[in-house]
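Trainee: Quick one: this structure, given as C-alpha cells, is what I'll be asking you about.
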Amino acid sequence: MKRLAAKSGKIHVRRRARVLVSGAHADMVARECSGKGTLSEMKEDNSIAGLSVLLQSGALDPVVLATATLEKIAGYKDQSIFTSLLEERALTEAKASARRIRSGRSLGLLDGIPVAWKDLLDTAGAVTTSGSIVLSDSPPATADAAVVKALAGAGMVSVGRTNMSEFAFSGLGINPHYGTPHNPASGDVPRIPGGSSSGSAVAVAAGLVPVAIGTDTGGSIRIPAALNGIVGYKATRGRYAMDGVFPLAQSLDSLGPLCRTVQDAVWIDAAMRGRTAPDIGRTDLRDMKIVIAETVVFDDAEPGVVAAFEAAVDRLAGAGARVERRAFPAFAEVFDLITRHGALVTAEAYALHKERLAGDEARRMDQRVVVRTRLGEKIGMTDYVALLDARRRLITQFAACLAPGELIAHPTLPHVAPPIAPLVADDDLFFRTNGKTLRNTLIGNFLDGCGISIPCGTGEADMPVGLLLSGQRNEDERLLSAALAAEAVIRGEA
C-alpha cells in the first residue's frame with residue numbers, strides 16, 4: 001500500500017491486451033479499446049457489466065485493467081479522491097484473475113473488476129483512517145472487513161481506499177485533512193461531492209473505477225450518488241456483515257455500492273451476500289406501484305430538482321407504473337423527535353467518541369465534526385430510550401401506511417450540489433446546508449428501510465438530480481427488481 005502523496009512517477013501500463021474475439025464482438029472491443037487494451041481509450045462511463053464482457057471474453061486482461069486504473073487514479077487532476085492506493089494487492093489479485101480466466105476457471109461476472117473502498121472498511125495491511133488524521137498512525141488492519149473478503153472471493157480487484165467526511169459525520173463530504181473531492185459534474189466552480197462517502201462517489205463519477213463501496217447512516221451513499229449523477233444503493237441494515245467496518249451509529253449504519261447502473265448494484269449486492277450470481281429479476285413496470293411522499297421531502301426544494309423529479313415520474317407513469325401521492329405523518333414525526341430528544345446518530349456517535357472528544361485528539365479533528373458530535377452529550381438515557389421506543393412505533397406505523405408492493409419515491413435531496421468555498425468559510429451555512437442535505441435520506445435510516453438513488457436529470461447549474469426509490473425493511477429484492485425496470489425509463493432511455 002502506498003500513500004498518494006508518496007507516489008513518484010506513473011504506474012506503467014501494458015501496451016496491448018490479449019484480444020481473443022472476432023466478428024461483431026471484436027468490432028465492439030475495437031471501439032471500446034481502440035486495439036490498445038488499456039483504459040486510456042475507453043469511455044469514462046464503463047459499467048461493471050461492460051467491463052465484465054471484455055474481461056470474460058479475453059478482450060481485456062485483468063492486469064492491464066488494474067494497472068491502467070491505478071495509472072488513471074495517479075494522474076487524475078483531483079488527488080483528494082483517494083487516501084491511499086493498494087497497488088501491490090491490486091496487481092496480485094489481477095494476476096490471479098488473469099490466470100483463472102485464461103484457464104477457464106473464472107469466478108464469475110465480477111472476476112477482474114476493480115473496486116475501491118471507503119476508508120472505514122478494513123483492508124488487510126492498510127490503515128483505516130475513517131477520514132481522520134487522528135487514526136493515521138494506527139496499526140494496519142490485520143484482516144479484511146467481511147464484505148471486502150466477500151468481493152475478493154468473487155474475484156474483484158481492490159485498487160484503493162477513498163476519502164470521506166471525517167468519521168462519516170457529515171452529508172457534505174468536506175474534509176480539511178485529506179482535502180475535499182470536487183464534484184466532477186460541476187462546470188463552473190468547485191462543488192461538494194456529498195458525504196460521507198465522498199471519494200467513493202467521485203471515483204465512480206469521474207470514471208476512475210466502475211464501483212466503490214460506501215456506508216450510509218443518514219444518507220451517506222444516496223446523497224453523494226445523487227449529487228454526482230450515479231447510482232447509490234443503501235441496503236437494509238444487516239443485509240451485509242459489518243465486521244471490520246468502523247462505526248458511526250450502529251443502530252443506523254448500513255452498506256452499499258456506488259456504481260453506474262442498477263444492474264451493477266444488483267451484481268455487487270449478490271457478491272456481498274456471498275452469492276455466486278445475481279438472483280434478482282426485473283419487475284414488469286405495469287406491476288410497479290409508486291407512492292410519491294408529500295410530507296417534508298419537498299419543503300424548500302429547488303425548482304429544478306422538482307422539475308427533474310416530476311419529469312421522471314411522468315415517464316414512469318407513461319410506461320405503465322401506477323403512481324399516486326400520499327402524506328406520511330411518520331416523516332414529520334421523525335423530525336419532531338429529533339427536536340425533542342436529539343438525533344439518534346448524534347447520541348451514538350458521542351458514545352463512540354466520548355473519550356476522544358475529552359482528550360488531545362479533539363484539537364486535531366475537524367471542529368465542525370467535534371461540535372456536532374458533542375451535541376450528543378446533551379442526550380440523556382431517557383431521551384435515547386424514548387428515541388428507540390418511538391422508532392419501533394414509527395416503523396410499524398409507516399408499514400401500515402403502505403399496501404403490499406408499494407414503494408416510496410421522492411427527490412433524493414432538495415437541492416443540487418452547492419459550491420464548496422462558502423461552506424468552508426461560514427460554519428452557520430455549513431450546518432444549515434448539512435441539515436437540509438441529510439433531511440430526505442435520514443428518514444429511511446430512521447425507519448430502517450432500503451433505498452436506491454437513480455439519476456433523473458439536472459437542476460440548477462446543470463448539476464445532477466437523483467430520484468430516491470425506497471422500500472421498507474428487508475424489501476431489498478423488491479426494490480432492486482423495481483429499480484432495474486425503472487432505470488431506463490427514469491433516464492429517458494426507454
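Trainee: Among the numbered criteria (1) surrounded by 12 or more Cβ atoms within 10 Å (Cβ to Cβ); (2) within 30 Å of LEU468 (Cα to Cα); (3) among the hydrophobic types (A, V, I, L, M, F, W, C), which one does ILE379 miss?
Mentor: (2)
Trainee: Next up: Working only within region 476-490, note down all residues that are touching a residue at least 24 places away in the same chain (Cβ under 8 Å) and either under 11 Å from GLY405 (Cα atoms) or not β-branched (Val, Ile, Thr) (or both).
Mentor: ASP476, GLU477, ARG478, LEU479, LEU480, SER481, ALA482, ALA483, LEU484, ALA485, ALA486, GLU487 - these are the residues of region 476-490 that are touching a residue at least 24 places away in the same chain (Cβ under 8 Å) and either under 11 Å from GLY405 (Cα atoms) or not β-branched (Val, Ile, Thr) (or both).
Trainee: Here's something else I'd like to know. Kindly evaluate ASP448 against the criterion of being out of contact with any helix residue (DSSP H, G or I) (no Cβ under 9 Å at 6 or more places or on another chain) and among the acidic types (Asp, Glu). Please lay out each step first, then the result.
Mentor: Numbers: out of contact with any helix residue (DSSP H, G or I) (no Cβ under 9 Å at 6 or more places or on another chain): no; among the acidic types (Asp, Glu): yes.
Considered against the rule, which asks whether it is out of contact with any helix residue (DSSP H, G or I) (no Cβ under 9 Å at 6 or more places or on another chain) and among the acidic types (Asp, Glu), ASP448 comes out as no.
Trainee: Here's a follow-up. Any residue at all in region 294-312 that is part of a loop (DSSP other than H, G, I, E, B), free of Cβ contacts under 8 Å to residues at least 40 places away in the same chain and out of contact with any Leu (no Cβ under 9 Å at 6 or more places or on another chain)? I'd like the intermediate steps shown before the answer.
Mentor: Residues of region 294-312 part of a loop (DSSP other than H, G, I, E, B): 294-302.
Cutting the leftovers down to free of Cβ contacts under 8 Å to residues at least 40 places away in the same chain gives us 294-295.
Subset that is out of contact with any Leu (no Cβ under 9 Å at 6 or more places or on another chain): 294-295.
Checked region 294-312: at least one residue is part of a loop (DSSP other than H, G, I, E, B), free of Cβ contacts under 8 Å to residues at least 40 places away in the same chain and out of contact with any Leu (no Cβ under 9 Å at 6 or more places or on another chain).
Read-outs throughout are calculated quantities, based only on the coordinates presented, and are distinct from any laboratory measurement. The model shown is predicted, which means the values in this text are computed figures rather than measured ones. Here Cβ is always computed from backbone atoms with ideal geometry, including for glycine, and neighbour counts include all displayed protein chains.
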